[in-house]
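Take a look at the structure set out below.
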Amino acid sequence: MKQNKLFLLGGIVLSGACGTAVAQSNVTVYGIADAGLAYTSNQKGNSNTYVRSGSKDGSRLGFKGTEDLGGGTQALFQLEAGYNIDDGAAAQSGSLFNRAAFIGLADKRYGTLTLGRQYSPYFAFLNPLGPVPAVTGATGAHAGDIDGFDITVRHNNSIKYISPDWRGASVGLMVASGEQAGHTGSGGAMSAAVKYDTGAWHHALAYQVLKNGPNQATWDPTTSSSFSKSPINVGYLSAKEVQYLAAATSYQLGAVTLGGNLSNVQYRPNASSRFQGTAIFNTAALLANWKTATPWQFGAGLAYTRATKANGVQDAADYRQLSFQQTYWFSKRTAIYILEATQHARGKTLAADGVTQIDAVALVGDSQVSTPSSNGKQNVFMVGVRHAF
């Protein structure tokens, strides 16, 4: 009997200790489930109707938490896995927490320092002002997400710092390492960005450079950074590095937000590259978003991407894209959406060998990077449901 009482007392103490630990922790499980029916007018020569995951917001499951260390300082972590709700597979083969995996410290006075797999300040500052909020990345990202405004650029082995907000201004810095013995400086990345918010205006200016690894015949898979690869840039993947420079702005006028952005992306070669001259892609875009007094929200985006003449290409490729979004919000977490987009491509670009000139083909947003049109036209229509938890 006495032994039973001791067990009972021990259980009460243990459960109390666990309750205290839980109360002191701040861990959140979150996610998004998003799927819809998609129609594409031309995927490598044929139309296609199919179920697609994450057309509005990428389907994901995440864990994040903080611990108060006192004096305005917190420890923090985040783990986020992308998945395809249509078949249950991981969004990126061979990687569990493919969207994010980092740990760090945050201080109200000094800023936030994080280490791991994460997005750069380039993305963090530009993405809210780009096409994703207004017309999504699936159908609204600039052709093939050539300038990384959507979620296609992530960095392993990275250290990132974001400053506190100072009268509306904030800066961000990041470095990432390729971590290959004998190849110091290859396969890494660097980013710097600044943003300024004042009243209805929001501005951002950002830069990042991704360095190729020692296996440069194409983009080395062991590098720290991933990015979108498509027929738009396939001829330049043997570059020694890719440099991004972009600016974005938006203005909120009541329920309507208007915005615009400019970007310059350069694929820079060296003696090991298959192409010889720097390949440059310039993009200009306009955006509009209207949150009506009803549950409906509407968005529109117009983007123009043009390559410069280089590597013997005189009729350089250009891509013109028009995108729309209509979303009906049943609640803050659940919505149905309709997406429409059309893209026209013209001119010439380089094939994967970095030498042969081929006709540019259309590929809407970043949903069609692996299923481009067989010609210069592609139309996409999607309707789906999105739920956050």
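Below 29 Å, Cα to Cα, which lysines can LYS160 reach? Residues fewer than 8 away in the same chain don't count.
Answer for LYS160, where 29 Å is the Cα cut-off: LYS56, LYS64, LYS108, LYS195, LYS211, LYS229, LYS240, listed by chain and number.
Set the Förster distance to 56 Å, then compute FRET efficiency between ARG333 and ARG306 from the Cβ-Cβ distance, nearest 0.05. Walk me through the numbers on the way to the answer.
Numbers: r = 40 Å, r/R0 = 0.71.
With a Förster radius of 56 Å, E is 0.90.
Classify segment 300-389: rounded, prolate or oblate, from the alpha-carbon gyration tensor (a ≥ b ≥ c, eigenvalue square roots; a/c under 1.5 rounded; otherwise prolate if a/b is larger than b/c)?
Details: a/c = 3.28, a/b = 2.77, b/c = 1.18.
Prolate shape, in that a/c is at least 1.5 and a/b is the bigger ratio.
At 37 °C and 0.692 mPa s, grab the translational diffusion coefficient of segment 197-302 from Stokes-Einstein with a Kirkwood Rh over Cα pairs, rounded to a whole number in µm² per second. Kindly include the intermediate steps, with their values, before the conclusion.
Numbers: Rh = 16.2 Å.
Rounded to a whole number, D works out at 203 µm²/s.
In terms of Cα to Cα distance under 20 Å, which aspartates and glutamates are near enough to LYS332, apart from those fewer than 8 places away along the same chain?
Within the straight-line cut-off, LYS332 pairs with ASP34, ASP57.
Bin all alpha-carbon pair distances of segment 56-138 at 5 Å intervals from 0 and give each bin's fraction as a whole percent.
It works out to 3, 13, 16, 20, 20, 15, 8, 4, 1, 0, in whole percents.
Return the Cα extents of the chain along principal axes one, two and three, sorted largest first, each rounded to a whole Å.
90, 58, 46
Using 0.36 nm per residue of separation minus the Cα-Cα distance, give me the extension gain between SER272 and GLU179 in nm, one decimal.
31.4 nm
Taking a cut-off of 16 Å between Cα atoms, list the lysines near LYS348, but don't count ones fewer than 8 places away on the same chain.
LYS348 reaches LYS309, LYS377.
To the nearest 500 deg cm²/dmol, what mean residue ellipticity at 222 nm is calculated for the chain from DSSP H runs of n ≥ 4 alone, each contributing -39,500 (n - 2.57), summed and divided by the residues?
Working: 4 runs with 38 residues, N = 389.
Rounded to the nearest 500, it is -3000 deg cm²/dmol.
Specify the angular offset, from 0 to 90 degrees and rounded to the nearest 10, of the alpha carbon long axis of helix 2-24 from the longest principal axis of the alpha carbons in the chain.
Helix 2-24 sits at roughly 40 degrees to that axis.
Accessible area per residue of the chain at 1.4 Å probe, in Å²? Kindly include the intermediate steps, with their values, before the conclusion.
Numbers: 18380 Å² over 389 residues.
With the other protein chains kept in place, the chain gives 47 Å² per residue.
So what are the ³J(HN,Hα) numbers for segment 212-223, from phi and the Karplus equation (6.51, -1.76, 1.60; θ = phi - 60°), rounded to whole Hz, Gly and Pro as x?
6, x, x, 8, 9, 4, 9, 5, 5, x, 8, 5
How far, in nm, would the chain grow between ASN264 and VAL51 when pulled straight, counting 0.36 nm per residue and subtracting the alpha carbon separation? Don't jump to the answer; show the numbers that get you there.
Values: separation 213, 0.36 × 213 = 76.68 nm, distance 3.37 nm.
Value of the extension gain: 73.3 nm.
Pull up all non-local amide H partners of ALA100: gap of 5 or more, or a different chain, and H-to-H distance under 5 Å with H placed in the peptide plane.
GLU80
The values are calculated or read from the model by the stated rules, or taken from the named source; none is laboratory data. Since we're looking at a predicted model, the values are computed, not measured. In this analysis, Cβ positions are derived from the backbone assuming ideal geometry, glycine residues included, and neighbour counts consider all displayed protein chains. Side chains are part of the model used for accessible areas, which takes the heavy atoms of the whole protein and leaves out ligands, DNA and RNA. Shrake-Rupley method; radii C 1.70, N 1.55, O 1.52, S 1.80 Å.
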